[in-house]
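Remarks on the structure that follows.
Just so you know, all these numbers are worked out from the coordinates, no wet-lab data involved. Source: prediction; values computed, not measured. Here Cβ is always computed from backbone atoms with ideal geometry, including for glycine, and neighbour counts include all displayed protein chains.
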Amino acid sequence: MLLAASASAACSLVVDLSTLGSDAGPADVVVPVETSNDASPDAAYSFADDFNRADGAIGNGWIAKSPGFDLASGHVVRDNVSSLDFLDLLVHRPSTEAVLDVHASMEVVPSGLDGGSGSWEQLHVRVQPSTVDAISRLDDYMLFPHGGGATSIDIGRNRIVTSAYTILTTFQLAAPLTAGLTYRFTLAATGTSPVVLFGSVERFDAPSWTLIGSATTQDLDANAITTPGVVGFSASNSDPTGAFTYDEFVVLGN
């Protein structure tokens with residue numbers, strides 16, 4: 001990650017997607033960001049997990065609010081063992097890794113067990129450590145298929161004590177999410193006033209990635225998430241066991 005600061009408060013977070021996940025990627029994505037003048041690469045946080053370890057608990061410092069995911073054959077797999085929804089199925093990093101400006105990505109492979117109607121694959125950033133452990137409570141930003149479908153993607157804000165959430169923007173996909181193909185979900189949150197959110201979905205067309213949808217939006221609402229948080233992933237209580245797999249989780253932050 002290159003974090004470029006200037007004499008003013010405005011700068012850019014430049015992320016080389018070719019370094020994230022699988023072997024190759026498209027051109028850099030430039031995400032607008034508000035940052036202090038003393039920001040520097042020396043303060044950068046990075047984390048990557050390919051989940052390539054023994055089957056069973058996810059491990060490697062991940063914290064699961066409730067049972068809902070396991071490792072199998074080097075991938076995170078959905079394990080629907082209860083009626084809990086995404087608020088309590090979240091798997092997240094520890095509070096010691098909280099950052100304000102963050103860029104997270106993970107690979108997603110739908111299985112088709114949803115009958116082709118789509119699933120609720122979810123990538124979360126700025127998860128607030130102060131409330132993440134509370135049952136039926138979640139304060140963060142997330143990226144997920146609109147309505148659990150396969151043709152559009154929502155960027156939303158959670159500041160809730162129920163299963164309600166606020167959709168901040170929706171973008172269409174050039175082609176629907178298809179069973180057996182590998183996708184890369186990306187979500188970035190930067191700044192505080194406004195919070196700038198960037199989301200994208202790419203499809204892996206060997207040997208490179210194809211961008212099939214993206215959007216940038218701002219959150220100026222009084223409920224905007226403006227304090228450092230951690231990253232994570234989740235699912236809906238309607239997603240069956242084996243509905244999808246997650247892999248190659250990569251985070252860059254400051």
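Protection proxy ranking for 216-226, 86-96, using the average of other Cβ atoms within 10 Å per residue and placing the highest first: 86-96, 216-226. Out of every Cα-Cα pair that the stretch 134-192 contains, those further apart than 12 angstrom amount to 72 percent. Hey, could you get me the Stokes-Einstein D for the stretch 42-253, Kirkwood radius over alpha-carbon pairs, 4 °C and 1.567 mPa s, rounded to whole µm² s⁻¹? The calculation lands on 77 µm²/s.
Once the other residues with Cβ under 12 Å from the Cβ of residue 169 are scored (Lys, Arg +1; Asp, Glu -1), what is the net sum?
Values: positive: 157; negative: 154, 219.
Around residue 169, the surrounding residues sum to -1.
Set the Förster radius R0 to 25 Å, insert the Cβ-Cβ distance between residue 169 and residue 44 as r into 1/(1 + (r/R0)^6), and round the FRET efficiency to 0.05. Write out the running numbers ahead of the final one.
Working: r = 27 Å, r/R0 = 1.08.
That pair, residue 169 with residue 44, gives E of 0.40.
Report the local net charge at residue 59: Lys and Arg +1, Asp and Glu -1, summed over other residues whose C-beta lies under 14 Å from its C-beta. Taking every Cβ under 14 Å from that of residue 59, the sum is -2.
With R₀ set to 25 Å, the beta-carbon distance separating residue 237 from residue 130 gives a calculated FRET efficiency near 0.55.
Positive contributions from Lys and Arg (+1) and negative ones from Asp and Glu (-1), summed over other residues with Cβ under 12 Å from the Cβ of residue 183, come out at -4.
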